[in-house]
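Below: the structure, in structure tokens.
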Amino acid sequence: MLVPITRQKFEQIIPVLATGPQYGYFWGKFPDFLKRLLISLISVVGVSLLRVFFGSSFDGLILLLCIIAGLYWLWGPIYWATMRNMEIRRYPYSGFWRGEVVDVYVTEDLIGKEETVNNSGELVIVENRERRLNVEVEDENGFGTRVQVPLRRIHKGIAAGQVAEMLVLSYQPDLRNIVKTTDIYIPSLNRFVSDYPYLQPDVFAQVSQKLSQFEEEEEPVKRGKNKRRRR
């Protein structure tokens, strides 16, 4: 099932400004926070040095820039999430896609390497691996994709055969060539599977419910037409 949606609805599902989950995604872990904090401190020092060149004529502007730079650790995630949203909003056409989960499996993937020295003074390369959940989905027309995300407890219960829904993006009005997909939504579990949470959960769930109700209302009509044709 593939149903085009209006631009207005698309912009409701994927807003410009960062949502709470998107902010949390870019907030990251404690090392990410420390990195932003370090950038804030360096930026404040750099902006403060401008006073050496411009004197006291621009004290007001320099103070404002220092405040902005000093709070980068706080507003940085909003900026990066907004940039991510604007990147996906450049696609002119979108649609609601429904298929099913065809496979679910866990892999252990390499996410980085670190160099360290052991007790003998030898250089050792340590591989950082992470368990990831792979969810493959497909529809009756043969279109399919795979989403890979870090394995979490919330993924418990996801299994092959469940209905899966997504937002798909294209440069063509008829969505003939799908170039980008978003989070996978499992209606039976009311759960989203994604690395980066593109979708507004409540809005997308509402679209899902409305289309399901429409299908249920249309089904008796289709059956009645088929019976008349047989007669």
Checklist line | Among the candidates L71, L123, L110, residue that is in contact with a helix residue (DSSP H, G or I) (Cβ under 9 Å, 6 or more places away or on another chain) and farther than 30 Å from V207 by Cβ | finding: L71
Check: Is it true that D32 is surrounded by 12 or more Cβ atoms within 10 Å (Cβ to Cβ) and charged (D, E, K, R)?
Finding: yes
Checklist line | Near pairs, Cβ below 7 angstrom, 6+ apart or cross-chain, from region 151-176 (within 27 Å of E108 (Cα to Cα)) to any residue that is among the small types (G, A, S) and not in a strand (DSSP E or B) | finding: Q162/S188; V163/S188; E165/S208
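So which of F58, F54 ends up being surrounded by 13 or more Cβ atoms within 10 Å (Cβ to Cβ), farther than 30 Å from L199 by Cα and either of a type in the set (D, E, K, R) or not assigned by TED's automatic domain parsing to the domain that holds V193 (or both)?
Criteria check complete, one pass: F58.
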Next item on the list: Select from region 176-197 the residues that are among the basic types (K, R) and either closer than 16 Å to I13 by Cβ or outside any strand (DSSP E or B) (or both) and write down the one among them that is modelled with the lowest pLDDT.
Entry: R176
Margin query: Filter region 123-142 down to the residues that are closer than 29 Å to M1 by Cα and loosely packed, with under 15 Cβ neighbours inside 10 Å and list them by number.
Written below: E140, N141, G142
Check: Are any of the residues in region 90-113 hydrophobic (A, V, I, L, M, F, W, C), at pLDDT below 90 and assigned by TED's automatic domain parsing to the domain that holds L211?
Finding: yes
Checklist line | Positions within region 64-103 being surrounded by fewer than 17 Cβ atoms within 10 Å (Cβ to Cβ) and of a type in the set (V, I, T), in sequence order | finding: I67, I68, I78, I88, V102
Item checked: Hits in region 143-171 - residues which are crowded, with 17+ Cβ neighbours inside 10 Å and more than 15 Å from Y185 (Cβ to Cβ) -> L169, S170
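The values are calculated or read from the model by the stated rules, or taken from the named source; none is laboratory data. Note that this is a predicted model, so its numbers are computed, not measured. Glycine gets a Cβ as well: all are built from the backbone with ideal geometry, and neighbour counts include every protein chain shown.
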